[in-house]
Amino acid sequence: MGFFNKFKQGNKGGKKTRDSINAVQNPPEYIICGLGNPGSNYENTRHNCGFMALDLLAEQEKFQFKKLKFKSLTALEVINGVKCLLMKPTTFMNLSGEALVPAMKFYKIPPEKVIVLFDDFSIPFGNLKIRRSGSDGGHNGMKNIILQAGVDTFPRIKIGIGSPPHKDFPVKDWVLSPFKKSEGKGLEDSLARAVGALRVMIKGDIDKAMNEFNGNG
């Protein structure tokens with residue numbers, strides 16, 4: 001299946017596993033939130049890298065995002081032996097905190113156990129930058145999450161989408177532009193590495209994730 005067909009409609013999931021069933025019966029230890037904008041108009045756009053990374057994880061683990069809760073499409077799964085609530089907010093990017101923060105409060109999950117995945121135009125295309133905490137870096141989704149939560153101690157995986165092609169190209173237009181077909185392989189590689197980093201981070205080893213996955217691999 002080609003890259004653009006693969007991600008056009010998002011992950012459809014597969015057969016539920018025994019781990020998946022067990023996860024529903026117990027509260028999560030981590031929340032994993034991929035950022036993006038809902039709707040077909042935004043599929044395959046640079047701003048939706050967070051959604052794409054979670055869709056890839058869902059494909060690997062054979063689960064579905066089919067439950068609407070906390071203003072998000074959600075799944076409650078066991079990933080690498082760790083119970084996780086996975087979220088793709090339906091609030092649109094600028095209001096991501098309205099989805100994530102209520103889930104944190106409901107499950108009493110501290111920000112240090114909330115991993116956020118999102119795009120970053122200040123990072124070269126194909127590169128990742130993993131951080132333990134920090135400012136929003138100009139990203140509107142993270143800006144709203146930090147505003148709603150009142151803290152910035154969220155571990156995060158920033159997926160590089162590259163900078164606009166010239167200085168007069170509006171950033172808003174750039175992040176909402178679709179990936180080119182020629183970028184498909186590079187994007188698939190960076191998403192796979194983001195999922196790999198996520199698997200390490202939910203085991204509590206952020207330093208290892210930074211050492212192994214920061215940069216372009």
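Numbers at a glance
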quantity	calculated
Table column - 3J(HN,Hα) (Hz), segment 107-112, Karplus curve with 6.51, -1.76, 1.60, x for Gly and Pro	8, 6, 9, x, x, 5
5 angstrom amide H check on L117, placed H, neighbours 5+ away	C33, G34, L35, I157
Mean accessible surface per residue for segment 126-177, computed with a 1.4 Å probe while every protein chain stays in place, in Å²	48 Å²
Lys, Arg +1 and Asp, Glu -1 on Cβ, resulting dipole of segment 17-142 about Cα centre, debye, nearest 20	340 debye
Cα-only Debye scattering, segment 105-190: base-10 log of I(q)/I(0) at q = 0.11, 0.15, 0.21 Å⁻¹	-0.36, -0.62, -1.02
Rg over Rh, two decimals, segment 106-145 (C-alpha only, Kirkwood Rh)	1.00
Exceeding the 19 Å Cα-Cα cut-off - candidates K62/K185; K83/K105; K105/K208; K158/K181; K71/K108; K143/K167	K62/K185; K105/K208; K158/K181; K143/K167
Estimated FRET transfer efficiency (N80, K105; beta-carbon r; R0 30 Å; 0.05)	0.75
Hz values of 3J(HN,Hα) by residue in segment 140-147 - Karplus curve (6.51, -1.76, 1.60), Gly and Pro given as x	5, x, 5, 4, 6, 4, 5, 4
Residues of type aspartates and glutamates that K129 reaches as a straight line, Cα spacing below 18 Å, ignoring anything fewer than 8 places off in the same chain	E112, D119, D120, D152, E188, D189, D205, D207, E212
Proportion of all alpha-carbon pairs of segment 52-108 beyond 17 Å (%)	37 percent
Relative contact order computed over segment 112-217 (Cα-Cα under 8 Å; 6+ residues apart), in percent	37 percent
Of all accessible heavy-atom area on segment 50-193, the percent that carbon and sulfur account for (1.4 Å)	55 percent
Rounded to 5, percent antiparallel among DSSP beta bridges of the chain	55 percent
By accessible area with a 1.4 Å probe, ligands and nucleic acids excluded, highest first: order of T90, T45	T90, T45
At R0 = 22 Å, FRET efficiency that the Cβ-Cβ distance of A192 and N94 yields, to 0.05	0.20
Contour minus Cα-Cα distance for D207 and S135 (0.36 nm per residue)	24.0 nm
Column: log10 I(q)/I(0), Debye, Cα scatterers of segment 73-217, q = 0.09, 0.14 Å⁻¹	-0.28, -0.69
Additional length obtainable on full extension of the chain from V151 to S163, 0.36 nm per residue less Cα span	1.6 nm
Chymotrypsin sites (Phe, Trp or Tyr not before Pro) restricted to segment 95-176 and DSSP loop, no more than 10 other C-beta within 10 Å	none
Positive-end residue of I115, G81, F125, charge dipole of the chain with Cβ unit charges	G81
Cα-derived Rg over Rh, computed across segment 15-159 with Rh taken as Kirkwood radius	0.94
Options I159, T90, L198, ranked by Cα towards positive dipole end of the chain, top entry (Cβ charges)	T90
Trypsin sites (Lys or Arg not before Pro) within segment 68-108, DSSP loop, no more than 15 other Cβ atoms inside 10 Å	K108
Loop-resident sites, segment 157-217, for trypsin sites (Lys or Arg not before Pro), counting at most 11 other Cβ within 10 Å (DSSP)	K167, K180
Cα-centred dipole magnitude for the chain, charges only on beta-carbon of K, R (+1) and D, E (-1), debye, nearest 20	540 debye
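The values are calculated or read from the model by the stated rules, or taken from the named source; none is laboratory data. A quick note: this is a predicted structure, and the numbers were derived from the prediction, not measured. Every residue, glycine among them, receives a Cβ derived from its backbone with ideal geometry; neighbour counts consider all protein chains shown. What goes into the accessible areas is simple: the full protein's heavy atoms, side chains included, and nothing from ligands, DNA or RNA. Shrake-Rupley method; radii C 1.70, N 1.55, O 1.52, S 1.80 Å.
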